[in-house]
Amino acid sequence: MSTAKPLRVGIVGAGGIALYYHLPYFRRCENVTIVAACDVNDAALQQMKDKFGIEHLCYDYRQLVEMDDLDLISVCTSNDCHYPVVMAAIERGLDIYCEKPLALDYAQAKEMYEAARARGTKTGVNFSHRRTPAAQLAREIIASGVLGPISYVSAIYAAGSSHYAEHKGTWRNDRKKAGFGGMGDMGSHMIDMMLWWLGCDITAVTAQTRTYVPEVIARDSGKPMKVTTEDQGMLLVQYANGAMGYFCGSYIFTGRGYDQRVEVYGTHGGLMYNQQHPLELDVLLPPEALKLYQVLRQGGTRDTPYTTILAPERLQGLLPNEPGAQRGVLMDFVDAYRAEGPFSFSPGFYEGMKVQEVLEACKLAKGRRWVNLPL
């Protein structure tokens, strides 16, 4: 018999992120029931019902948040709907797990955070790559201080096929619905990850964005659609500790698929992270620090100065009875939600707001000046 406190969840948005991330991870948690789902698309709702057996379906999020048997809503909508759904849920007294980026702009994100804090709402934001074992290992190494003061970070998250210009247009190509393109969709993950790794605020931003494919064929209508979000964004940032940083969020890395890489350099060492090798990290560490980890490939030569180490099993988040499956950030949120004592979880709305502040500064900079933070 389960001893976990029951958790009743409503899903708002029935697209891919709900079907392939939120719902599977909720189902991996003990004693969680998906009570209802909401979407404006009848076919998407029916697919969710067929795949997961959710019986209560509705087309208006206001109907869902008024249900009496919910504890939590999971927001999986397009970005323009995050704000109204979240604010309605806060008013109703529901707790919230929300997709990233948190909002369309910094003003919305700040209002969402402040409303949740005032109401005591438990919040989480799905910066899912925090759960990559190599990312957790990198944070551990940086926090130990063994790299010395950090001077530079470079973080890239990009996607790209050989036929990017031929992709069908979606809401992600519409600034009114998405807020951002590659910089907000992909880059927001890396902005959050570097704030998490360094434990240090960004104090200034300059940026450049560009739309390389100005028109596509809309998936829904089959008609030409103007692209109003950026295909690629690049940021230069300054950190409060004196470090400098470079970020790139892009859709146009031709033939790369998904490409997530980070380099971090300090006065005593460095590390290189590549999500294509999620259990490995390339490091330059003092010998005494290197002894703490299992070495996969020895470095120390002129051609190969960096040593490859394995993320310890304690960071791998392996799930019993599911070979190859790993924990997700959503599962960590559920554990924190049920824990005794005051609720404590990161990334929540505060972290979502901090990322949104950097994205807002990106808009304000427009490639011409530095914008100081906080705004």
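Please treat every number below as a calculation from the coordinates, not as lab data. Just so it is clear, the model here is predicted, and its values are computed rather than measured. Backbone-built Cβ (ideal geometry, glycine too); neighbour counts: all protein chains shown.
Side notes on the structure shown:
- Computed from point charges on the beta carbon alone (+1 for Lys and Arg, -1 for Asp and Glu), the dipole magnitude for the chain about its Cα centre is near 620 Debye.
- Partner lysines whose Cα lies under 17 Å from the Cα of Lys100, excluding those fewer than 8 positions away in the same chain, are identified as Lys110, Lys122, Lys176, Lys177, Lys354.
- Highest-fluctuation residue, Val32, Val75, Val262 considered, GNM on the chain with Cα pairs under 10 Å: Val32
- For the chain, diffusion coefficient by Stokes-Einstein and Kirkwood Rh (Cα), 25 °C, 0.890 mPa s, µm²/s: 113 µm²/s
- For the range 133-318, relative contact order (Cα pairs under 8 Å, six or more residues apart, normalised by length) works out to 30 percent.
- A dipole drawn for the chain from +1 and -1 charges on Cβ atoms has a positive end, and of Val32, Ile73, Leu310 the residue lying farthest that way is Leu310.
- From most to least packed by mean Cβ count within 10 Å, the peptides 124-135, 231-242 give 124-135, 231-242.
- Relative contact order computed over the chain (Cα-Cα under 8 Å; 6+ residues apart), in percent: 19 percent
- Each of Lys354, Lys223 has some number of other Cβ atoms within 10 Å of its Cβ, and from fewest to most they run Lys223, Lys354.
- Beta bridges by DSSP in the chain, antiparallel share as percent, to the nearest 5: 60 percent
- Cα gyration tensor, the range 194-295 - rounded (a/c under 1.5), prolate or oblate: oblate
- Counting only alpha carbon atoms, the long axis of helix 42-52 and the longest principal axis of the chain meet at about 70°.
- Taking packing as the residue-averaged number of other Cβ atoms within 10 angstrom, the listed peptides 111-117, 175-181, 300-306, 144-150 run from highest to lowest as 175-181, 111-117, 144-150, 300-306.
- Degrees separating the helix 106-119 axis from the principal Cα axis of the chain, which is the longest one: 70 degrees
- Computed over the range 251-375: relative contact order in percent, which uses C-alpha pairs under 8 Å that are six or more apart: 12 percent
- Residues Glu30, Glu263, arranged from fewest to most other Cβ atoms within 10 angstrom of their Cβ, appear as Glu30, Glu263.
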